[in-house]
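The structure under discussion appears below in the form of C-alpha cells.
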Amino acid sequence: MNSIFKVSYALQRQQRAVERTLYARSAEESEAASKWVDAWHRLVQARLDRMAEAPRYVDSRGRLLH
C-alpha cells in the first residue's frame, strides 16, 4: 500500500476517534476515545515524518519518480 494511502487511512481513523470523543456519553468513554485520538495522532505524525525523510527522485523534467 502506498504511503499516502496509509497516512490518509490513519487520518480518517483519527477523525473517527475525535468524533467518538466529542459524542461520548460518559467521562470514561470520552477518556478512552481521547487515548485513541492520541495514538492515531502519533501514528500519523510518524508516517508523515518518515515520508518527509524519504529520498525524492526527480527526472530531467522535474517529475517525481518513485
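The values are calculated or read from the model by the stated rules, or taken from the named source; none is laboratory data. Computed from a predicted model, the values in this text were never measured in an experiment. Cβ: placed from backbone, ideal geometry, glycine included. Neighbour counts: every protein chain shown.
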Query - Selection within region 4-53 - more than 15 Å from the chain's Cα centre (by Cα) and closer than 30 Å to residue 64 by Cβ - result: 53
Report task. Could you list, in sequence order, all residues of region 35-63 that are among the hydrophobic types (A, V, I, L, M, F, W, C) and at pLDDT 80 or above? Result -> 36, 37, 39, 40, 43, 44, 46, 48, 51, 52
Query raised in the report: Any chance region 16-30 includes a residue that's among the β-branched types (Val, Ile, Thr) and exposed (fewer than 10 other Cβ atoms within 10 Å of the Cβ)?
Result: no
Query raised in the report: So is residue 37 of a type outside the set (Phe, Trp, Tyr) and touching a Lys or Arg at 6+ places or on another chain (Cβ under 6 Å) or not?
Result: no
Query raised in the report: Quick one: in region 40-66, which of the residues that are under 17 Å from residue 11 (Cα atoms) and free of Cβ contacts under 8 Å to residues at least 12 places away in the same chain is surrounded by the fewest Cβ atoms within 10 Å (Cβ to Cβ)?
Result: 52
Report task. Determine whether region 19-26 contains at least one residue that is of a type in the set (Asp, Glu) and either in contact with a Cys (Cβ under 7 Å, 6 or more places away or on another chain) or at pLDDT 90 or above (or both). Result -> yes
Query raised in the report: Only one of 6, 35 is charged (D, E, K, R) and either exposed (fewer than 13 other Cβ atoms within 10 Å of the Cβ) or not in a helix (DSSP H, G or I) (or both); which?
Result: 35
